[in-house]
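Student: Just passing along the structure, written as structure tokens.
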Amino acid sequence: MDTVIQLAVSWYTLYRDELMLGLLACTFLLMMITLAAVRRCRKQIRLLIEKTREMTKVALSQEGRQTRWEAADRYTAQKPAGDTAITASRENEEIFGSVIQEIFP
């Protein structure tokens, strides 16, 4: 056991500079990998923010349409035979579903 310890100490004294250089290189390599991962995450966050902004714009533009659809629904509800109210609500659901599919592919 004593000889193994002496061998390790002698290797450390002989190759100390190379060991430190190797540790420094490994640290540098790990930093580069981390930076690449952070860059990829930032790109994904930027894309998600852009998609969210687009969805917000679409939702705000649909809000005006929604009031028109509600008025049309009220109008068709007053009529005895109204199939257009069902069509308007289906269109609303289809538009909302397409917006959600764009955000979360």
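Just so you know, all these numbers are worked out from the coordinates, no wet-lab data involved. Remember, it's a predicted structure, so these values are computed and weren't measured experimentally. Glycine also receives a Cβ, built like all others from the backbone with ideal geometry; neighbour counts cover every protein chain displayed.
Student: With label points built 7 Å along Cα→Cβ from the Cα atoms of residue 32 and residue 2, find their separation and express it in nm.
Tutor: Modelled inter-label distance: 4.6 nm.
Student: Measure off 7 Å from each Cα along the Cα-to-Cβ vector at residue 23 and residue 43, then give the distance between these two points in nanometres to one decimal.
Tutor: If labels sit at residue 23 and residue 43, their model points lie 3.5 nm apart.
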